[in-house]
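Have a look at the structure below before the remarks.
Where a number appears in this text, it was derived from the coordinates with a stated rule and is not lab data. Small disclaimer: the values here were computed from a predicted structure and weren't measured. Neighbour counts are summed over all protein chains in view; Cβ atoms, including those assigned to glycine, are modelled from backbone coordinates with ideal geometry.
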Amino acid sequence: MKYFYIICLFISFNLKGQIVPQGFLVGPDYSITPSITIGTQTWMLYNLNVVSYTNGDPITNITDGTLWKNATEGAYSDYNTISQAAGYGKLYNWTVVNDARGVCPFGWHVPSDAEFLVLANFYGGDASAGTSVSSEELRLTSTWTSSASFASTNSSGFSAIAAGFRDVETTNGTFIGGPASGVGTNAHFWTSTKYNTTTAVRFGLYYNSSQTARVNDALNNGASIRCIK
């Protein structure tokens, strides 16, 4: 049987009673694709690249570093160019993750710290457990610096993009292309797990380490989102 997919780049639309944000591929069985199954988990294959919540309400786009640092609302930012963002997805603050309107499509959600730990354990554990994990098996080769200490193989199919981050702690909320922001050297994914009033847990991969890491990060930092079923 042939399958035809509709790519929704510019508008949000209603599908089986839900608003499907722009940027998702939708199959004839109403599934959101593409995805990858690793062990017992099914992950969306690409970083989230939406500009609205699941009910169609817009997510605020903040470009100014100071405004980003002081934002109390959910916000996203593009990279140096919108065309780069199309491949890498957008960076979101954690307020987007925690918003009751949701940012992942129906049947999907932002993974918890525990769910990321399941992924890490599938490849041997993570740094917090003191065990070595082959993080290069999670990394999409073409987006990581050629000077990486550990070769990226992406044998898992997870395709982690070295999309970097937006840092309020050392760069005052600015996003600077290149290694200063982690582009090409780091991948950071928000979890839905809040650690305290000012931080939440994020899952990270680094060009100079074979381990994954789960660390507590400022809520107004910008990181990628990867949805899970």
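Things worth noting here:
- With both labels modelled 7 Å from their Cα along Cα-to-Cβ, the Asn98 to Thr153 distance reads 3.9 nm.
- Using a Förster distance of 25 Å, the FRET efficiency for Thr42-Thr141 (Cβ separation, nearest 0.05): 0.65
- Close amide-amide hydrogen proximity is noted between Leu45 and Ser35, Ile36, each under 5 Å apart and 5 or more residues distant or on a separate chain (H modeled in the peptide plane; Pro and chain starts excluded).
- Estimated FRET transfer efficiency (His109, Thr63; beta-carbon r; R0 30 Å; 0.05): 0.60
- Exposure proxy ranking, count of Cβ atoms within 10 Å, fewest first, for Glu115, Glu73, Glu137: Glu73, Glu115, Glu137
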